[in-house]
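Visitor: One structure is given below, represented as structure tokens, and several questions about it will come after.
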Amino acid sequence: MAKNSLGREIPETFNGKSYIPYTDPHSIKPEAFHFQRASRVLKRNYSGASKVVGGLREAIVASGLKDGMTISTHHHLRNGDRLLNDLVREIDALGIRDIRIASSSVHIVHAELIPYIRKGVITALECGVNGPIGEQISRGELACPIIVRSHGGRARSVISGEVPIDVAFLAAPCCDEYGNFNGFYGPSACGSLGYALVDAQYARKVVAVTDNLVPFPALPIGVAQNIVDIVATVDSLGDPKKIVSSTTKLTKDPMGLLIAKYAATVIDASGYLKNGFSFQTGTGGISLAVAGHVRDMMRERRIKGSFGCGGITGFFVDMLDEGLFEGLFDVQCFDLKAVESIGRNRKHQEMSAGLYANPFNMGAVVNRLDCAILSATEIDVNFNVNVNTESSGLLLHNTGGHCDVANGAKVSIIVCPSIRGRLPMVRDEVTTITTPGETVGVVITERGIAVNDHLPELKAELIRRRAPVKDIRALRDEIYAVTGAPKPVEFTDKVVGLIEYLDGTIIDTVRTVRA
Amino acid sequence: MEIVKKGVAGTMQSSDLMVFVEPADSLKVEIESTVIKQFGHLIQAKVDEVLVKNNVTRGFIRLTDRGALDYAIEARIETALQRASAARA
């Protein structure tokens, strides 16, 4: 065990591989890992014949998938995805075992995989998960080593060859028989294919799986025929109506509205809200309420922003259509309005996860962000943020782009109620560190605004505006006075998962909870 | 306070709790909570305090807590006790 710079104990090896402990947000370079761009064998296909081999089972056989290999899927259909479950069922039926899953994310709907983990069909997860799989792993009830990665970190791990994907099975909502596809149209349209674009470039074999085979050519091209090996057809890839996971309505909760108002004040005071402004929010009710304030300020002051970024919602689509931004960078569509927009508007740009947030290239889009609104499950007095585990210690959530966006944005703003079901959200220590405090600018709860030391000018400006600025320790004390001080959850020494920072260093671990 | 019949107070919403009380020969308290690991000791202390304050020496008191704060715990227990007491019968 070695301690990383945040004081978390990191094992030297995990599941047979060695790792570097986290040091700081920006100094680690690819050379530290001897990373280069992953190389792939060149292929020659002189035939113009259809690549459709049949259904999933035929595609698995044709791909040459064997025991011990790594597969991936993308999560653009989110909790409406059917492909990963169907795929693993077929892999099991073919008697293939010891498969590593390196999908872009795993959702609650994929709890169906649990029996296949127990059976040894799946033996490792090279990606974070949402829901019961992580919960059971952190209870010690399910054995499956897991490495949680951010969107940018995952892109990095695939591009560098650190996680070599043997076969990528990519849901292709609009696809032709020679393998061109996009996500814009068809019964399972999910819009942007941002996560899949990376896999398509770097997997050893690429299988396009479609429920909507269209006449050649499928245009516009998202993933092109020259990198697609196989096409498979299925009845349905899933249900796009289930892409929307959280509320997409502005919150009506007075506490949420107050937090949103404070966040708008912070954005205004940051000095970045002028022509060329760039902005990212999530999908939660508070985030949308902040976006509403930002929209109103931009309208009033006739501000033309540069870009909106991230998972894109209908709210951002409206702002683009109104002319408030030059464009949108979209790594995944968060609702069907965004799906519809990306298919018609050239200024709504599909963005690969690598372009979005991979730290090891000549500049990710997050680097150009002015202000970003992020959520939190817990925050500590050093501004470290946890979004992976709940205060009970259970691993229930994937990182998403949290640490990527905080790393890139000039002002990253965490919005969070001060108390959730008696649990204090600002605490002495977070259960798990997802995002290091050094990259967090401001923490906002309904009890006040805490500004990190690296933004003294913003703090002074907020005080000048008589905003309720509080020291983060005072904020914690105020909250503890209401909730009482929580007893720390007890963990065993058994490390069942790693939380990777976007640069590939290990920022924290997941241990099993003591019963 | 004497518990002479069943009494219930509260809801199952987040940050609230439900309290069930019923007559019994001895005093028995059962606490189930979403935050039992972090706050079980404080919930227990609050329950004991409210029972002493109300001179409850017999009865079965059951809490199903969804992360309520102390003042809500106190109010819900007192209401359930009043609903179960002789004074209201």
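The values are calculated or read from the model by the stated rules, or taken from the named source; none is laboratory data. Just so you know, these numbers come straight off a predicted model, no measurement behind them. When we count neighbours, we look across all protein chains shown, and the Cβ atoms used for this are built from the backbone with ideal geometry, even at glycine. The area values use the complete protein model at the heavy-atom level, side chains included, leaving out ligands, DNA and RNA. Shrake-Rupley method; radii C 1.70, N 1.55, O 1.52, S 1.80 Å.
Visitor: Could we say that B:Lys5 is in a loop (DSSP other than H, G, I, E, B), surrounded by 13 or more Cβ atoms within 10 Å (Cβ to Cβ) and over 11 Å from the mean Cα position of the chain (by Cα) here? Write out each step before concluding.
Guide: Working: in a loop (DSSP other than H, G, I, E, B): yes; surrounded by 13 or more Cβ atoms within 10 Å (Cβ to Cβ): yes; over 11 Å from the mean Cα position of the chain (by Cα): yes.
Taking the combined requirement at face value, the residue satisfies it.
Visitor: What's the number of the condition B:Ser14 fails, among (1) at the interface with chain A (Cβ under 10 Å from one of its Cβ atoms); (2) assigned to a helix (DSSP H, G or I)?
Guide: Just one mismatch for B:Ser14, condition (2).
Visitor: Out of all the residues in the stretch A:490-498, is one or more more than 12 Å from chain B (Cβ to nearest Cβ), more than 30 Å from A:Gly16 (Cβ to Cβ) and free of Cβ contacts under 8 Å to residues at least 24 places away in the same chain? Give the steps one after another, and end with the answer.
Guide: Looking only at the stretch A:490-498, we keep the residues that are more than 12 Å from chain B (Cβ to nearest Cβ), and these are A:492-498.
Next, only the ones that are more than 30 Å from A:Gly16 (Cβ to Cβ) stay: none.
No: the stretch A:490-498 contains no residue that is more than 12 Å from chain B (Cβ to nearest Cβ), more than 30 Å from A:Gly16 (Cβ to Cβ) and free of Cβ contacts under 8 Å to residues at least 24 places away in the same chain.
Visitor: Note down all Cβ pairs under 6 Å where the first residue falls in the stretch A:196-220 and is surrounded by fewer than 17 Cβ atoms within 10 Å (Cβ to Cβ), the second is assigned to a helix (DSSP H, G or I) and modelled with pLDDT under 95, and they're at least six residues apart or on different chains.
Guide: The qualifying pairs do not exist here.
Visitor: Related question: Enumerate the pairs (first residue in the stretch A:356-373 and of a type in the set (Asp, Glu); second residue anywhere and assigned to a loop (DSSP other than H, G, I, E, B)) with beta-carbon separation below 9 Å, excluding pairs fewer than 6 apart on the same chain, so at least 6 apart or on different chains.
Guide: A:Asp370/A:Tyr272; A:Asp370/A:Leu273; A:Asp370/A:Gly276; A:Asp370/A:Phe277; A:Asp370/A:Ala409; A:Asp370/A:Lys410
Visitor: Pull up the stretch A:434-488, narrow it to residues that are surrounded by fewer than 18 Cβ atoms within 10 Å (Cβ to Cβ) and of a type in the set (Val, Ile, Thr), then point me to the one that is nearest to the other protein chains (Cβ to nearest Cβ).
Guide: A:Val482
Visitor: Which members of the stretch A:270-292 meet the condition of being of a type in the set (Val, Ile, Thr) and either in a helix (DSSP H, G or I) or buried (at least 24 other Cβ atoms within 10 Å of the Cβ) (or both)? Show your work before the answer.
Guide: In the first step, residues of the stretch A:270-292 are kept if they are of a type in the set (Val, Ile, Thr); the result is A:281, A:283, A:286, A:290.
If the condition is that a residue be of a type in the set (Val, Ile, Thr) and either in a helix (DSSP H, G or I) or buried (at least 24 other Cβ atoms within 10 Å of the Cβ) (or both), then A:Thr281, A:Ile286, A:Val290 are the ones that fit.
Visitor: Output the number of residues of the stretch B:34-45 satisfying the condition of being crowded, with 21+ Cβ neighbours inside 10 Å and assigned to a helix (DSSP H, G or I).
Guide: Matching residues across the stretch B:34-45 total 3.
Visitor: Considering only the stretch A:292-328, how many residues are without any contact (Cβ under 8 Å) to a residue 60 or more places away in the chain, among the aliphatic types (A, V, I, L, M) and under 20 Å from A:Asp404 (Cα atoms)?
Guide: 1
Visitor: To continue, here is another question. Mind checking whether some residue in the stretch A:403-415 is open to solvent by 10 Å² or more (accessible area, probe 1.4 Å) and at pLDDT below 95?
Guide: No, the conditions are met nowhere in the stretch A:403-415.
Visitor: Residues that are open to solvent by 30 Å² or more (accessible area, probe 1.4 Å): list the helices (runs of 4 or more DSSP H) wholly contained in the stretch A:61-175 that include at least 3 such residues. Before you say what the answer is, go through the steps one by one.
Guide: Details: elements: A:83-93, A:114-118, A:132-139, A:151-159.
In the stretch A:61-175, the matching helices (runs of 4 or more DSSP H) lie at A:83-93, A:114-118, A:132-139.
Visitor: Identify, by number, the condition in (1) under 29 Å from A:Ile10 (Cβ atoms); (2) assigned to a helix (DSSP H, G or I) that A:Ile413 doesn't meet.
Guide: Every listed condition holds for A:Ile413 apart from (2).
Visitor: Please tell me if A:Leu394 is within 14 Å of chain B (Cβ to nearest Cβ) and closer than 25 Å to A:Ile147 by Cα.
Guide: Working: within 14 Å of chain B (Cβ to nearest Cβ): yes; closer than 25 Å to A:Ile147 by Cα: yes.
The answer is yes for A:Leu394.
Visitor: Has the stretch A:426-433 got at least one residue that is within 14 Å of chain B (Cβ to nearest Cβ), polar (S, T, N, Q) and open to solvent by 10 Å² or more (accessible area, probe 1.4 Å)? Full working, then the answer.
Guide: If we filter the stretch A:426-433 for residues that are within 14 Å of chain B (Cβ to nearest Cβ), which is where we start, we get A:427-431.
This time we only want the ones that are polar (S, T, N, Q), so: A:431.
Narrowing the set further to residues that are open to solvent by 10 Å² or more (accessible area, probe 1.4 Å) leaves A:431.
For the stretch A:426-433, residues within 14 Å of chain B (Cβ to nearest Cβ), polar (S, T, N, Q) and open to solvent by 10 Å² or more (accessible area, probe 1.4 Å): present.
Visitor: May I pose another question? Is it the case that A:Ser39 is open to solvent by less than 80 Å² (accessible area, probe 1.4 Å) and either at pLDDT 95 or above or over 26 Å from A:Ile146 (Cβ atoms) (or both)? Working first, answer last.
Guide: Details: open to solvent by less than 80 Å² (accessible area, probe 1.4 Å): no; either at pLDDT 95 or above or over 26 Å from A:Ile146 (Cβ atoms) (or both): yes.
In short, no.
Visitor: Looking at B:Leu51 and the list (1) under 19 Å from B:Met12 (Cβ atoms); (2) more than 8 Å from every other protein chain (Cβ to nearest Cβ), which single condition is not satisfied?
Guide: Every condition holds for B:Leu51 apart from (1).
Visitor: Which residue is nearest to the other protein chains (Cβ to nearest Cβ), if the candidates are limited to the stretch B:57-89 and must be in a loop (DSSP other than H, G, I, E, B) and open to solvent by less than 10 Å² (accessible area, probe 1.4 Å)?
Guide: B:Gly67
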